[in-house]
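The values are calculated or read from the model by the stated rules, or taken from the named source; none is laboratory data. Note that this is a predicted model, so its numbers are computed, not measured. Because the Cβ atoms are built from the backbone with ideal geometry, glycine has one as well, and the counts that use them run over all protein chains shown. Calculation scope for accessible area: heavy atoms of the full protein, side chains included, ligands and nucleic acids excluded. Shrake-Rupley method; radii C 1.70, N 1.55, O 1.52, S 1.80 Å.
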Amino acid sequence: MSKSKTVSTSEAIKLVGVSRATFWRLVKRYNIPTFQDVLDRRVKLIRREDVNKLLSLARSVRNGELPSAEDR
């Protein structure tokens, strides 16, 4: 997986603007794939396009909406 098409989950959490717990809850609920960084096994990566999905999901949650799993 190309590094330019991915960001670390720590960076994604900052971009999405949610707590670490909320981020992982959204990732798990909507089956967003994460990948292990081959250069540093401690780092998880997520595709930039999936970060955009999480951004829209986080906006929905902030607005009091509870998006269904089909809304991804």
Compare the peptides 15-23, 43-51, 57-65 by average per-residue count of other Cβ atoms within 10 angstrom and give them in order, highest first. 43-51, 15-23, 57-65
So, with a 1.4 angstrom probe, what is the percent of accessible area on the chain that is carbon and sulfur? 50
Considering all alpha-carbon pairs of the chain, what whole percent are spaced by more than 16 angstrom? 44
Semi-axis lengths (Å, descending) of the ellipsoid that matches the C-alpha gyration tensor of region 1-42: 19, 12, 10
